[in-house]
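Just dropping this structure here.
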Amino acid sequence: MSRPALPLLPVLYVSHGAPLFAIEAGTTGPALTRWGRQLAASATLRGIVIMSPHWMARAPAVMSNPAPATWHDFGGFPPALYELQYPAAGHPALASEVLGLLKAAGLPADSDAERPLDHGAWVPLMHLFPEAQVPVVQVALPVGAGPAQVLAMGRALSGLREQGVLLIGSGSMTHNLREFFGGAREPAPYVIEFSRWVESAIERGDQATLLDYRRQAPHAQRAHPSEDHFLPLFFALGAAGWGEDESVKADYLSREVMYGILAMDSFALATAQPA
């Protein structure tokens, strides 16, 4: 028996920045908290499905762990960061649905019942839903996948939005860690140019150009020496139907730049309401 359709949830893209974002929230953290509070007040959330670049697998994989641990998958940070816990439950039944949808789209995936929550998931979720009251399922980023493949993964799961499931792509709008330790505090010009180029492509619904960002975007190689932290953007775009439905628009929650080089762009994707 099919589950009755609920109001269509937006899709969220978040830049999770450095692990320090958990305790150094800037302006992005409070913006995510406000958005999460508004969503929880207006919709019943059955679960969250989130893609983070800190889980990469040889093929699509889905976390079916009923009680995922908070994994502090980083080193060299202040002790307070390692004391943080995000005790959200997992959701094996939802994980099974995700597996079925991926398989139906020709994207067979594996189940991982041991997978913990990595910081690409729990750090932004601490801001979005600090009470950890919504069950979470992570989806792995397949090694070697490109923008089109990740877009297809999001598209395969888009129907969950009508079933009370919030789909999230968690990455970073810019992610050059070689420059992270340079000590810069003012936003680097290339960070702004790249981020606003992406925003313009999203606003235009220009799927072909954005999929080819590696050649067409200004400073793409510098903004992303490797693609992993940019690809969850395409998961969110696919889940929202962006590029297929001209009415899908991005509502920016943050355009903050942290540490001079980490663009924290975060936005909700939803069907624009008629004026």
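Pairs needed: first member in segment 94-111, within 20 Å of Met56 (Cβ to Cβ); second member anywhere, open to solvent by 60 Å² or more (accessible area, probe 1.4 Å) and of a type in the set (Ser, Thr, Tyr); C-beta distance under 9 Å; at least 6 residues apart or different chains.
Ala95/Ser111; Leu99/Ser111; Ser111/Ser96
Please find, within segment 238-273, the residue that is modelled with the lowest pLDDT out of those that are over 20 Å from Ile192 (Cα atoms), in a loop (DSSP other than H, G, I, E, B) and open to solvent by 10 Å² or more (accessible area, probe 1.4 Å). So that I can check it myself, show each step before the final result.
Kept after step one, since they are over 20 Å from Ile192 (Cα atoms), are these residues of segment 238-273: 238-249, 269-273.
Subsequent filtering for residues that are in a loop (DSSP other than H, G, I, E, B) retains 241-247, 272-273.
Those left that are additionally open to solvent by 10 Å² or more (accessible area, probe 1.4 Å): 241, 243-247, 272-273.
Details: Gly241: 96, Gly243: 86, Glu244: 86, Asp245: 85, Glu246: 85, Ser247: 90, Ala272: 73, Gln273: 61.
Looking at the filtered set, the residue picked out is Gln273.
State all residues of segment 237-261 that are among the hydrophobic types (A, V, I, L, M, F, W, C) and under 23 Å from Ala208 (Cβ atoms); if no residue qualifies, say none.
Leu237, Ala239, Ala240, Trp242, Val248, Ala250
Let me ask something additional. Exactly one condition in (1) part of a loop (DSSP other than H, G, I, E, B); (2) in contact (Cβ under 8 Å) with a residue 60 or more places away in the chain; (3) open to solvent by 30 Å² or more (accessible area, probe 1.4 Å) is not met by Phe77; state its number.
For Phe77, the failing item is (2).
Among (1) farther than 25 Å from Gly238 by Cβ; (2) not in a loop (DSSP other than H, G, I, E, B), which single condition is Leu101 missing?
Exception for Leu101: condition (1).
The values are calculated or read from the model by the stated rules, or taken from the named source; none is laboratory data. Since the structure is predicted, the reported quantities are computational estimates derived from the model, not experimental observations. Heads up, the Cβs are rebuilt from the backbone with ideal geometry, glycines too, and the neighbour counts pull from every protein chain shown. All accessible areas refer to the heavy atoms of the entire protein, side chains included, with ligands and DNA or RNA removed. Shrake-Rupley method; radii C 1.70, N 1.55, O 1.52, S 1.80 Å.
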